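Input: a single structure, listed below in structure tokens.
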Amino acid sequence: MAAIEIQGLEKSYRTGFFAHKLKRGLLPLTLSVDEGEVFGCLGPNGAGKTTTLKLLLGLVFPSGGTARILGRPLGDISVKRLIGYLPEQPYFYDHLTARELLDYYARLSGVDARERRRKVDAALARVGMSEAARTQLRKFSKGMLQRVGIAQAIVHDPKLLLLDEPMSGLDPIGRREVRDLIQRLNEEGKTIFFSTHVLSDAETICDRVAVLNKGELKGVGVVADLLHERRGEVEVVCNGAQAIAELSALGALCHATGDVVRALLPEHSLEAALAALRKCHAGLISVTPVQATLEDYFLARVGDAQAKDSQPPDAKASEVK
């Protein structure tokens, strides 16, 4: 069963001084997220990622379309207890301690009083905040607040997690810990839908990704399939700066570090490149096929659209013709 089913969901806003201008924040979106999946929603700022999450949560109302969450209609209040949510910029009562805040959210989520203390302590431990449990939030750094935000999203043991930029404000160690936590939660059977514009995070932990740009869905793909695609290029690493001229003549992009040369060239030029290395007596270190990355997939969809938008009107008109 799909954890999230979106059918033609869209959102428009009234803007301007007299609210007479209509801005489309999300074009009709059709998308599904399977149960037990880690699904990443990618896109630049203003792409519609946060709008999508808010529509699913009922924080804003759609202009059209519908959705189902865990098999229930979008407006079903009972499904809220099964969802954990972390906003992009959470605001918490800063006079509370971390434990008091989580106890408050556990109460709102209907956690039984006999289980509340144990679940609060367990959530704090999972995000590495046990030692700061009695510290007021106003004394926390942005990264610490982000960890507490994740803790409040999981304190009631939800089936579905909706996370808006969950690695925001974290240092490299914190980012790694959050990625590991998301993977552990997924192994426990939880479905995770999160938005990000940091592609390395999505590439590491997502099963599938969707790319949004300017409110429009540009593509959906399985990460494992995307990363196994070949780019038709190879990287040749060799010893001998004298090989740069020979490889550059074959159209290779060369970068030298001391006596080590890294050259990126088309696969069809590999035989000629190896012959050139033998000719100039350069030592071959490695030959590695270049695999596609999530960045390639992302830029192929977002970059092309932005390039078209930046064209002058005459150029766009000629394309239409």
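The values are calculated or read from the model by the stated rules, or taken from the named source; none is laboratory data. What you see is a predicted model; the values in this text were computed from it and never measured. Cβ: placed from backbone, ideal geometry, glycine included. Neighbour counts: every protein chain shown. Each accessible area value is taken on the protein alone, full model and side chains, heavy atoms only, with ligands, DNA and RNA left out. Shrake-Rupley method; radii C 1.70, N 1.55, O 1.52, S 1.80 Å.
Quick look at the numbers
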| item | result |
| --- | --- |
| Size of electric dipole in the chain: Cβ of Lys, Arg +1 and of Asp, Glu -1, about Cα centre, debye, nearest 20 | 1360 |
| The chain: most fluctuating residue of 203, 165, 235 per GNM, C-alpha cutoff 10 Å | 235 |
| Net charge of neighbours whose Cβ lies under 14 Å from the Cβ of residue 29, counting Lys and Arg as +1 and Asp and Glu as -1 | +4 |
| Taking all pairs of distinct alpha-carbon atoms in region 167-267, Kirkwood radius in angstrom | 17.1 |
| Dimensions (Å) - the chain, Cα atoms, principal axes, largest first | 78, 56, 40 |
| Inter-part distance where region 198-214 and region 264-294 are each reduced to a Cα centre, Å | 31 |
| For the chain, calculated [θ]222 nm from helices alone, where every DSSP H run of n ≥ 4 adds -39500 (n - 2.57) | -11000 deg cm²/dmol |
| Centroid-to-centroid separation of region 131-195 and region 1-49 [C-alpha atoms, Å] | 23 |
| Crossing angle, helix 294-309 versus the chain [Cα axis fit, 0-90 degrees, rounded to tens] | 90 |
| Whole-number percent relative contact order across the chain, with pairs defined as alpha carbons under 8 Å at least 6 apart | 18 |
| Principal semi-axes in Å for region 1-121 [√(5λ), Cα gyration tensor, largest first] | 30, 20, 13 |
| Beta bridge orientation in region 112-241: antiparallel %, DSSP, nearest 5 | 55 |
| In degrees, nearest ten, helix 142-154 long axis to first principal axis of the chain (Cα) | 60 |
| Total formal charge among the other residues, if their Cβ is under 11 angstrom from that of residue 53, Lys/Arg +1 and Asp/Glu -1 | -1 |
| Packing rank of 122-131, 190-199, where each peptide gets the mean count of other beta carbons within 10 Å, highest leading | 190-199, 122-131 |
| Positive-end extreme of charge dipole, region 183-267 - chosen from 250, 209, 261 (charges on Cβ) | 209 |
| Packing-based order for 25-33, 210-218, 139-147, 248-256, using average beta carbon neighbours within 10 Å, highest first | 210-218, 25-33, 139-147, 248-256 |
| All-pairs alpha carbon distance profile, region 78-176, 10 Å steps from 0, percent | 17, 52, 29, 2 |
| Angle in degrees between helix 270-279 and the longest Cα principal axis of the chain, rounded to the nearest 10 | 50 |
| Rounded percent of accessible protein surface that carbon and sulfur make up, the chain, 1.4 Å probe | 52 |
| The chain: antiparallel DSSP beta bridges as a percent of all, rounded to 5 | 70 |
